[in-house]
Amino acid sequence: MQTITQYTLTDQMEYQGMPVLNCQIRYPQFSSTCGQDSSWQVNEFYRSMAEEKGAYCRSSLYPEAVSAFEYSRTGNFPFFPYEFDIGYTVTYNDGCFVSLYFDQYEFTGGAHGSTRRTSQTWDFETGRQLGLGSFYPDYPDYIKDIQSWIEYEIAGRLKSEPSTYFEDYPELLRSTFQAGNFYLTPQGIVVYYQQYDIAPYSTGITEFLLPFSGTDS
């Protein structure tokens, strides 16, 4: 098991004395008995990610926020500061394996913000990031079977919660499927879809558990 330390980058950016953008980035750093070099590789991955997100706040979101502030002042209507917030959740940490996901929330005006999820699964013995196919090494058609399972799950959910998925979800779940959108839990593999991929905003990021008993690992 790995020991995890959280680091946080926080910046409130102002324009003419007014806060226009709040940026907060949380990221992990690991220590592991499985491999010092691999820990360094994983830690460097997240340090670089945090630096890139901070640069995005400064070079992209801040100018946009300033423009929106100026526009609101010209039009004499309220301005709500932009928000950029990244947090992570560790879903699996056992032996030499770690899995986690990041939710990146952005508010740039309008009725509500948006959240985008990314995830990584690591083998700390090698420092290698594992793909979904790593858990189905002798099963070339695993994606088709996963998609069929998700279709079955959605049909069941719609019986108790109508209108929580788009009507053409059987096509959408296949066309928007991303093999990198997964993480591990003690119960199994969770595959997820981004907001609006297969369901309305109110449904949120949709998740589907594939129990470990259904994999070859």
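Below is a table of values for the structure above.
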item	result
Given (1) surrounded by fewer than 14 Cβ atoms within 10 Å (Cβ to Cβ); (2) over 20 Å from P28 (Cα atoms), index of the condition R116 fails	(2)
Filter result for Q12 (of a type outside the set (S, T, Y), part of a strand (DSSP E or B) and surrounded by fewer than 13 Cβ atoms within 10 Å (Cβ to Cβ))	yes
Single residue of T126, T108, T91, T121 found to be polar (S, T, N, Q) and buried (at least 18 other Cβ atoms within 10 Å of the Cβ)	T121
Leading residue by the ranking (modelled with the highest pLDDT) among those in segment 29-45 that are among the hydrophobic types (A, V, I, L, M, F, W, C) and surrounded by fewer than 16 Cβ atoms within 10 Å (Cβ to Cβ)	F45
Residue within segment 163-171 that is on the phi > 0 side of the Ramachandran plot and more than 21 Å from the chain's Cα centre (by Cα) present	yes
Selection count where residues are closer than 17 Å to L100 by Cβ, in contact with a Lys or Arg (Cβ under 8 Å, 6 or more places away or on another chain) and assigned to a loop (DSSP other than H, G, I, E, B), scope segment 159-193	1
Residues being touching a residue at least 12 places away in the same chain (Cβ under 8 Å), aromatic (F, W, Y) and either within 15 Å of G131 (Cα to Cα) or surrounded by fewer than 16 Cβ atoms within 10 Å (Cβ to Cβ) (or both) - total across segment 150-192	4
All positions within segment 34-77 that are more than 25 Å from T108 (Cβ to Cβ) and either touching an Asp or Glu at 6+ places or on another chain (Cβ under 7 Å) or not in a helix (DSSP H, G or I) (or both)	C34, G35, S38
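The values are calculated or read from the model by the stated rules, or taken from the named source; none is laboratory data. What you see is a predicted model, and the numbers here were worked out from it, not measured in a lab. Here Cβ is always computed from backbone atoms with ideal geometry, including for glycine, and neighbour counts include all displayed protein chains.
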